[in-house]
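We did not get these values from a lab; they are worked out from the coordinates using the rules stated. Not measured: the values here are computed from a predicted model. No Cβ is skipped: glycine too gets one built from the backbone with ideal geometry, and neighbour counts run over all protein chains shown.
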Amino acid sequence: MTELEISGEKSEVKPLKILSSKEQINLTKKGKIVIISLPPLNKTEPNQWQRILDDFKTRLQKIDTSWQLGTKVHLQSNDRLLDTRQISELKTIFEQVGLTLDLIITRRRQTAVAASTAGYSVRQETLTSTLIGENETEQNQDLAEPLYLKTTIRSGVEIYHPSTVVVFGDVNPGATIIAKGDVFIWGTLRGIAHAGAMGNRAALIMALRLEPTQLRIAELVARAPDNPHDHNMAEVAYISSEGIKIYSAFNFNRHHDFISAKNYWLKL
Amino acid sequence: MSRVIVITSGKGGVGKTTITANLGTAVAQLGKKVCLIDADFGLRNLDLLLGLEQRVVYTIIDALSGECTLEKAIVKDKRTPGLHLLPAAQNRTKDAITPEQMKEVIEQLSPNFDYIFVDCPAGIEMGFRNAIVAAQEALIVTTPEVAAVRDADRVVGLLESENMKSIRLIVNRLRPEMVQMDEMISVEDIMDLLVIPLIGIVPDDKRIITSSNRGEPLVLSEEESLPGMAIKNIAQRLDGVEVPYLDLMASQDTLFTRIRRFFGFSGK
């Protein structure tokens with residue numbers, strides 16, 4: 001099997017800003033409860049609330065929502081101020097997927113007031129407890145479960161996930177997948193994929209058809225060859241000693257080994 | 001109850017309004033009661049294409065503010081029985097109306113019509129949200145251009161996350177001779193990317209421009225035209241009739257390509 005090299009720049013990019021699920025609404029299942037935490041307020045982004053809601057709806061459509069009807073939701077709003085309108089918007093979205101808003105956890109007094117006026121139980125956290133809570137979530141993110149998306153990822157959609165992302169469908173041009181772990185596309189990758197976004201150079205991008213706009217692994221960027229080869233073969237992109245390379249995904253792990261000392265994959 | 005169908009595209013200038021005017025007329029010709037709503041506030045032009053500009057007295061904004069009843073704002077098209085238009089205001093911006101108000105208007109109209117078509121403004125901002133809020137079905141108009149297809153993909157994603165029940169594709173301004181020369185994106189390529197069902201292909205034709213300028217939808221014209229036929233077919237397909245697709249390549253065929261196709265070679 002020949003090794004296919006990606007043409008063009010292998011220039012280093014500056015490490016991306018911290019891209020974690022913090023920027024999107026995050027869902028975790030804890031026992032019988034679903035914990036949904038909201039991202040912190042970003043004052044520089046106009047209309048952030050609408051974007052968050054859109055992202056959230058997209059995500060709910062695409063993830064496995066195999067909870068029982070009426071499963072309780074604990075909404076973690078952290079430092080974000082929520083008014084009654086926003087709470088009821090969230091409640092409507094929850095109800096569409098069979099979730100019941102049960103408890104609102106917040107650090108802001110106004111949010112607590114708004115939530116209780118709307119008739120929900122509220123837990124107001126103090127600063128100390130949140131510090132511990134923060135550490136917990138940081139650790140949780142390292143152990144986060146892979147995200148399985150069973151759909152086409154369309155233009156304009158950005159998926160950030162603090163672990164591996166698996167897509168059963170195509171990733172269209174204009175769509176971006178940013179994962180702390182590996183990116184697996186069971187379909188055609190035409191958009192941008194970033195594996196190992198927090199610096200993991202062992203991360204891989206694998207697709208049944210690799211026709212990406214751009215590939216990023218850890219801090220490296222590669223763009224697709226100008227004349228795409230026309231073959232139906234699953235391929236994998238990885239960091240070699242000379243930057244990002246593409247290889248047939250078949251038997252990749254037999255022919256390659258990740259050398260931790262050198263921080264790249266070596267062809268055996 | 002009426003079927004509420006939004007006609008949208010994301011990118012501007014792909015022919016949403018032209019399709020709305022012609023398709024609305026074609027559905028009315030099938031004997032249905034049709035209302036076209038111009039949701040492009042501030043830049044209305046559906047009334048121009050229908051040749052109804054001089055008959056517009058009140059707009060949807062006047063009806064909402066209580067200056068007139070909703071019935072009064074609706075303009076009847078005298079040439080096509082059953083066709084009605086609810087014009088947009090030209091002097092207001094796209095934020096002049098909220099999605100809730102739009103929903104209310106459509107709910108009021110719903111019992112009186114078989115079909116309500118909403119002509120959506122370009123973009124994905126407030127005007128887009130207004131236009132899609134009450135619709136159960138969407139028709140995506142795209143032209144065989146990279147930017148138009150990309151924006152269509154984005155819009156499909158947004159509609160999917162809003163739980164739109166049916167999303168179908170109209171490919172507008174196709175030039176068969178260019179597709180044959182491999183100079184234009186083919187319908188197959190568009191469908192491969194967008195993965196939504198096709199409802200019609202409208203070929204490019206100069207007569208569309210002249211009919212728009214005259215304010216006479218092409219489907220009204222006595223003279224048969226390919227785009228007119230294509231739109232009439234879309235109207236029938238919307239109504240649940242199975243109509244075979246026009247052979248747009250037919251006019252491009254030379255004896256040689258016909259013989260080749262006859263013997264099972266591809267037309268390319």
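All Cα-Cα distances of region B:3-262, cut into 10 Å bins from zero to the largest, leave 7, 32, 36, 18, 5, 1, 0 percent in each bin in turn.
Here region A:204-262 and region B:232-248 have alpha carbon centers that stand 45 Å from each other. The calculated 222 nm mean residue ellipticity attributable to helices in the protein assembly as shown amounts to -8500 deg cm²/dmol, summing -39500 (n - 2.57) over DSSP H runs of n ≥ 4 and dividing by all residues. The DSSP beta bridges internal to region B:3-262 are antiparallel in roughly 5% of cases. Just to be sure I understand: with springs between alpha-carbon atoms less than 10 Å apart, which residue in B:G228, B:G24, B:G42 has the highest mean-square fluctuation in the Gaussian network model of chain B? Between B:G228, B:G24, B:G42, it is B:G42 that shows the largest mean-square fluctuation. Separation of region B:63-96 from region B:10-24 is 18 Å, based on Cα centroids. Computed from the C-beta positions of B:M178 and B:D239 and an R0 of 41 Å, the FRET efficiency is 0.85 to the nearest 0.05. Entry for the protein assembly as shown at q = 0.13 Å⁻¹: log10 I(q)/I(0) = -1.28, Debye formula applied to identical alpha-carbon scatterers, no solvent contribution. Dividing the mean sequence gap of close Cα pairs (under 8 Å, 6+ apart) by how many residues region B:53-169 holds gives a relative contact order of 17 percent.
Take every DSSP beta bridge with both residues inside region A:21-125 and express the antiparallel ones as a percent of the total, to the nearest 5. Bridges in region A:21-125 that DSSP calls antiparallel: roughly 25 percent. For the protein assembly as shown, the antiparallel share of DSSP beta bridges with both residues in that region comes to about 30%.
Proximity of backbone amide H atoms, modeled 1.01 Å from N, is registered between A:T164 and A:L147, A:G181, A:D182 at under 5 Å, excluding neighbours fewer than 5 places apart on the same chain. The calculated pair-distance distribution of region A:145-267 uses every alpha carbon pair, bins of 10 angstrom beginning at 0, and gives 15, 50, 31, 4 percent.
Label-to-label distance for B:L198 and A:I63 is 3.7 nm, based on points extended 7 Å past Cα in the beta-carbon direction. Structural descriptor for region B:3-262: relative contact order 25 percent, calculated from alpha carbon pairs under 8 angstrom and at least 6 residues apart. Grab every C-alpha pair in region B:1-135, bin the distances at 10 angstrom width from 0 up to the longest one, and report whole percents. Distribution as computed: 13, 51, 34, 2 percent.
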